Amino acid sequence: MSEQVKDAILLASMPKALNGKEFTYCPGCHHGIVHRLVAELIDEFGLREKTLLVAPVGCSVFAYEFFDVDGTVAPHGRALAVATGMKRAKPEMFVLTYQGDGDLAAIGTAETIHAANRGERVTTVFINNAVYGMTGGQMAPTTLLGMKTTTSPYGRDPKREGYPIHMMEIMRALPGVAYAERVKVSRPQDVPKAKMAIKKAFYAQLLDVGFGIVEVLSTCPTNWGMDPVEASRWLEENMVKEFPLGVYVDKVTEVMKEKGVK
Amino acid sequence: MGEKIMVKGTEAIGEAAIRAGCKVYFGYPITPQSELTEYMSRRMPQEGRVFLQAESEVATVNMMYGASSVGVRVMTSTSSPGFSLMQEGISYMANARLPAVFVDVVRGGPGLGDIQPSQGDYFQVVKGGGHGDYRLPVYSPSSLQEAVELTIHAFDVADKYRTPVVIFADGMLGQMMEPVEFPDPVDPSTLPSKDDWALTGARGRKARYVTSFDIDPYKLEQMNLVLQETYKKIEAEEKKWEEFMTDDAEIIFVAHGTVGRIVKSTVKMAREKGIKAGLFRPISLYPFPYERLAELAEKVDIVMTVEMSAGQMLEDVKLAVMGRAETPFYGRLAGVIPTPAEILEAMMKEIRR
């Protein structure tokens, strides 16, 4: 079988780490793409039987409905404390949190920073769509300046609501972090890059280097009041300026080279 | 069983947890229980087990949630303000049916309060400080030997019913020294398997979730009904109390924990004066031993509650007595410890009334 045929089969088939249930996320939401990338990586690493998924409170509270791995739903913001408890109790397991911006960067900021700073051997996928999606589009810690939401109807004013928080830049200041990268999946060519970033964050845990996190800039067409194409364009034009893409911490690539891992 | 050794209260509880097979301890410093956290930081690594100081009590309870969900025995200890911070996580653990042991070394409140012994957390601990329909088995020891036995028992009850359990202690118990006999460590291979529900990885079976969540109210109601069934069993099987000189008593004191111990002296003083007093000491605060207290109340005129609070257990005493006897109350607040003599004086006032 040629490589192209293998790729085609991979693209056309359902990853084993997903259970086949149709996603219930809104049209144009990026959760579906990122779920699939995570599931593909779980399959590629052969981790399905070792994975513990910690879903957050937010739209992806339903993540467990779609992934065919053991897991739980943490209290709002506490996913990384729950993950810490799991990993400390059972270090042989592969522990993954999947969190949104309100969860990870507002109510759970303390848990996020301390788990990262302890270098917990867990991996976090962080979805930043600049709003609270599940509760109906309220202002998030990552809402852009001037952006209108249901709780910032006059637009986010830094004098009143402060500034969007930059978690990857914060991660750079924490020695326990082994991998931190900000990516997007709004254009097809972004997707393999995002997958590679998440792969490195998996390796941060699997090679015992430290905490791994990937921030994915994502759309929320429903709460942004746009169609999916418009939302992707808006992300490209606005979010990428506020939240620069790129690798913020990488202690993993070197260890991969040392250990001969590709 | 080994020989008797002198230990401090906090160490007695910590060592009991280790012997009960506690594999993971998370904690955050707070007076008057920090010695227990310190003890675990020394002892757990010696046993090849996990100690981790969390960044807050909020993180602590969620780390416990994680550790319990993968099937290990887990404990924390804290004091009142810290226990308040844990309520959200405890509510989640109750509905996710996650076993764990919490030690609340109660101090004077409300607010920052003080660091002296108190029983002012009764409502929060016994009636549920978090949201939703849940209960927690609660044990209130009055001596260090009893603290050791109840700590070990708490782990067993937590596993048997899949529920968080609380040891209700106070700073007096934590700081006192007494001779204690420790049982031999539990053989981990004899503990009940948790493989039928714990998150062990979806190996050779369907993936499973431990959760307190269901968006469908009918399914969530079913989860709630499982909890309610569990509480019925706990109420039927897990009531504990001690009676002291109740056989011929004409006045019965009700007091728990260290206050129960103080009231024993009051009972003896009253008997020297020719007043037939007795003590009913609930050991399980939930489930509260209502039936036995109701029986005793039939035979006396006065059932007097004494607490280091403004009268919280008093409400359970009244529910038990149901008007069969007078139910006066004596309490000291905010970390003040009542003396046997002042309790006696309060009793004399009630008798003269």
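Within the range B:104-113, can one find any residue that is within 17 Å of the chain's Cα centre (by Cα) and farther than 15 Å from B:Gln33 by Cα? No - not one qualifying residue is present in the range B:104-113. Checked against the criteria, A:Gly58 does not count as among the small types (Gly, Ala, Ser) and in contact with a Lys or Arg (Cβ under 9 Å, 6 or more places away or on another chain).
Give the residues of the range B:145-179 that are buried (at least 24 other Cβ atoms within 10 Å of the Cβ), in contact with a helix residue (DSSP H, G or I) (Cβ under 8 Å, 6 or more places away or on another chain) and within 22 Å of B:Thr258 (Cβ to Cβ), sorted by residue number. B:Ala147, B:Val148, B:Thr151, B:Val165, B:Val166, B:Ile167, B:Phe168, B:Ala169, B:Asp170, B:Leu173, B:Gly174 - these are the residues of the range B:145-179 that are buried (at least 24 other Cβ atoms within 10 Å of the Cβ), in contact with a helix residue (DSSP H, G or I) (Cβ under 8 Å, 6 or more places away or on another chain) and within 22 Å of B:Thr258 (Cβ to Cβ). So which residues in the range A:12-35 are out of contact with any helix residue (DSSP H, G or I) (no Cβ under 7 Å at 6 or more places or on another chain) and within 14 Å of chain B (Cβ to nearest Cβ)? Within the range A:12-35, A:Gly20 is the sole residue that qualifies. On the given criteria, is B:Gly21 surrounded by fewer than 24 Cβ atoms within 10 Å (Cβ to Cβ), within 14 Å of chain A (Cβ to nearest Cβ), touching a Pro at 6+ places or on another chain (Cβ under 8 Å) and in a loop (DSSP other than H, G, I, E, B)? For B:Gly21, the condition - surrounded by fewer than 24 Cβ atoms within 10 Å (Cβ to Cβ), within 14 Å of chain A (Cβ to nearest Cβ), touching a Pro at 6+ places or on another chain (Cβ under 8 Å) and in a loop (DSSP other than H, G, I, E, B) - is met. In the range B:36-72, the qualifying residues are those that are open to solvent by 10 Å² or more (accessible area, probe 1.4 Å), among the polar types (S, T, N, Q) and within 11 Å of chain A (Cβ to nearest Cβ), and the one that is nearest to A:Pro56 (Cα to Cα) is B:Ser56. Scanning the range A:22-67 for residues that are farther than 24 Å from A:Arg88 by Cβ, open to solvent by 50 Å² or more (accessible area, probe 1.4 Å) and of a type in the set (Asp, Glu) turns up A:Glu22, A:Asp43, A:Glu44, A:Glu65.
Conditions tested, residue by residue: (1) touching a Gly at 6+ places or on another chain (Cβ under 7 Å); (2) within 14 Å of chain B (Cβ to nearest Cβ); (3) in contact (Cβ under 8 Å) with a residue 40 or more places away in the chain.
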site	(1), (2), (3)
A:Leu10	no, no, no
A:Leu37	no, no, yes
A:Glu65	no, yes, yes
A:Arg88	no, yes, no
A:Tyr98	no, yes, yes
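Among what's in the range B:236-263 and is without any contact (Cβ under 8 Å) to a residue 40 or more places away in the chain and assigned to a helix (DSSP H, G or I), pick the residue that is least open to solvent (accessible area, probe 1.4 Å). For the range B:236-263, the residue satisfying everything is B:Ala236.
Scanning the range A:52-78 for residues that are of a type in the set (A, V, I, L, M) and closer than 16 Å to B:Gly201 by Cα yields A:Leu52, A:Leu53, A:Val54, A:Ala55, A:Val69, A:Val73.
Would you check if B:Ala198 is within 13 Å of chain A (Cβ to nearest Cβ), over 23 Å from A:Gly58 (Cα atoms) and open to solvent by less than 50 Å² (accessible area, probe 1.4 Å)? In short, yes. Screening A:Ala194 against (1) within 23 Å of A:Val261 (Cα to Cα); (2) more than 12 Å from the chain's Cα centre (by Cα); (3) not polar (S, T, N, Q) leaves a single unmet condition, (2). For the range B:221-234, the criterion of being open to solvent by 70 Å² or more (accessible area, probe 1.4 Å) and part of a loop (DSSP other than H, G, I, E, B) is met by none of the residues.
Taking the criterion of being modelled with pLDDT of 95 or more, part of a helix (DSSP H, G or I), crowded, with 21+ Cβ neighbours inside 10 Å and more than 14 Å from chain A (Cβ to nearest Cβ), would at least one residue in the range B:90-112 satisfy it? Among the residues of the range B:90-112, not one is modelled with pLDDT of 95 or more, part of a helix (DSSP H, G or I), crowded, with 21+ Cβ neighbours inside 10 Å and more than 14 Å from chain A (Cβ to nearest Cβ), which makes the answer no.
The values are calculated or read from the model by the stated rules, or taken from the named source; none is laboratory data. Bear in mind the structure is a predicted one, so any value in this text is a computation, not a measurement. Don't worry about glycine lacking a Cβ; one is built from the backbone with ideal geometry, like all the others, and counts go over all protein chains shown. Surface accessibility is based on the protein's heavy atoms, side chains included, excluding ligands, DNA and RNA. Shrake-Rupley method; radii C 1.70, N 1.55, O 1.52, S 1.80 Å.
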